[in-house]
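Asks: One structure, as structure tokens, below. Some questions next.
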Amino acid sequence: MQIHFKNYQQKDRLLDLTRPQIMGILNFTPDSFSDSGKFFSLDKALFQVERMLNEGADIIDIGGESTRPNAATVTLEQELERVVPLVEAVRARFDCLISVDSSKAEVFKQSAMAGADILNDIRALTEPHALDVAAELALPVCLMHMQGNPQNMQQNPVYDDVLEDVADFLNQRIFECMRAGIPKEHIILDPGFGFGKSVQHNFILLKHLKAFVDSGFPVLAGLSRKSMLGAVTGKPVEQRVAASVAGALIAVQHGAKIIRVHDVAETADMLKVWLAVQECE
């Protein structure tokens, strides 16, 4: 499975999903749940990009809005000031795929002009004008499921059937995207681990991830360092590397094509072992 496209700068790009791809997380915010704003300066952020690429990242996912539970809201101006210069700087220095983790139409547009390749939206292009702008930009889009919003999503998430409810939402967004002119080949799905789900909901989704894979759309899994892992290991966020790699392996075994992670080197080692097994006769 491969996604061919041109970015806003009319450069031919390829997202090769014939093997699982590692998406390295770069939270350019002062209040990230996982790194507490450790990379919230341009020099430090670029150093982290270089490190993740050297460790095996295929995609760099840049976000300027913390979406952890109870996170403060970020204005459009704040997000543009954080994201666009960083996209420009990464594009100038590295020939890698750049994903922008946002929900705002203007952030998508200006980031694409700066050289971004993929639109990664936790709100599945439901914000004003986001769908139309995404269709206009003609870039691959990742549609994620979230119940509620980051300010309230973990207060009391309830589902009749979490698998069915998440699938129904994603199918509806697929329909709206295709109706707006986004080709089927450009759509990626994310069940949204940790976004309006209890611990049990998250592990049900992980156990049955193949149900989303069987839809025919590539699936992104992002459970790196999340509280679902802390709940079963009893470890704080900075000690969840092993659990994150285990979760990533399960996701890959169930067919996930993109793994969104903080710990690139450890995930890359896991994938090398997994691929070696797959290549055996």
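Here, each number is a calculation from the coordinates, and none is a lab measurement. Please read all numbers here as calculations on a predicted model, not as lab measurements. As a convention, Cβ positions derive from the backbone with ideal geometry for all residues, glycine included, and neighbour counts pool all protein chains shown.
Asks: Taking a ≥ b ≥ c as the square roots of the Cα gyration tensor eigenvalues, with a/c under 1.5 meaning rounded and otherwise prolate when a/b beats b/c, else oblate, which class fits the stretch 137-281?
Replies: It is oblate, given that a/c is not under 1.5 and a/b is not larger than b/c.
Asks: Now, a different point. For a bin width of 10 Å, list the pair-distance distribution of the stretch 48-107 built from all Cα-Cα distances, rounded to whole %.
Replies: Pair shares across the bins are 21, 48, 27, 3.
Asks: How big is the dipole moment of the stretch 207-281 about its Cα centre under a simple scheme where the beta carbon of each Lys and Arg is +1, that of each Asp and Glu is -1, and everything else is neutral? Debye, nearest 20, please.
Replies: My answer is approximately 360 debye.
Asks: Counting Lys and Arg as +1 and Asp and Glu as -1, each charge on the Cβ, what is the dipole of the stretch 40-108 about the Cα centre in debye, to the nearest 20?
Replies: It comes to approximately 120 debye.
Asks: Of Val213, Val237, Ser224, whose Cα points farthest to the positive end of the dipole of the stretch 187-242 (charges on the beta-carbon: +1 Lys, Arg; -1 Asp, Glu; origin at the Cα centre)?
Replies: The Cα lying farthest towards the positive end belongs to Val237.
Asks: In Å and on Cα atoms, what radius of gyration and Dmax does the stretch 49-191 show?
Replies: Values for the stretch 49-191 (Cα only, Rg and Dmax): 15.5, 48 Å.
Asks: Okay, next question. Using the Kirkwood radius built from alpha carbon pairs, what does the Stokes-Einstein equation give as D for the stretch 188-232 at 20 °C and 1.002 mPa s, in µm² per second?
Replies: This corresponds to a translational diffusion coefficient of 198 µm²/s.
Asks: If the viscosity is 0.692 mPa s and the temperature 37 °C, what Stokes-Einstein diffusion coefficient in µm²/s follows for the chain when Rh is the Kirkwood radius over Cα pairs?
Replies: It diffuses with D of about 176 µm²/s by this estimate.
Asks: Another question, if that's okay. Among Asn7, Val277, His145, which residue has its Cα positioned farthest towards the positive end of the charge dipole of the chain, with +1 placed on the Cβ of Lys and Arg, -1 on the Cβ of Asp and Glu, and the dipole taken about the Cα centre?
Replies: Farthest towards the positive end: Val277.
Asks: Quick one: putting +1 on the C-beta of Lys and Arg, -1 on the C-beta of Asp and Glu, what dipole do you get for the chain around its Cα centre, in Debye to the nearest 20?
Replies: The dipole magnitude comes to about 300 debye.
Asks: Mind jotting down the distance between the C-alpha centroids of the stretch 231-262 and the stretch 91-105, whole Å?
Replies: 23
Asks: Provide the gained length on full extension for the span Gln2 to Leu76, in nm with one decimal, where the gain is 0.36 nm per separating residue minus the Cα-Cα distance.
Replies: 23.4 nm
Asks: Arrange the peptides 11-22, 217-228 so that the one whose residues have, on average, the most other Cβ atoms within 10 Å appears first.
Replies: Ranked by mean Cβ neighbours within 10 Å, highest first: 217-228, 11-22.
Asks: Count of lysine pairs in the chain with Cα atoms under 18 Å apart, counting only pairs 8 or more residues apart in sequence or on different chains?
Replies: Summing the qualifying lysine pairs gives 12.
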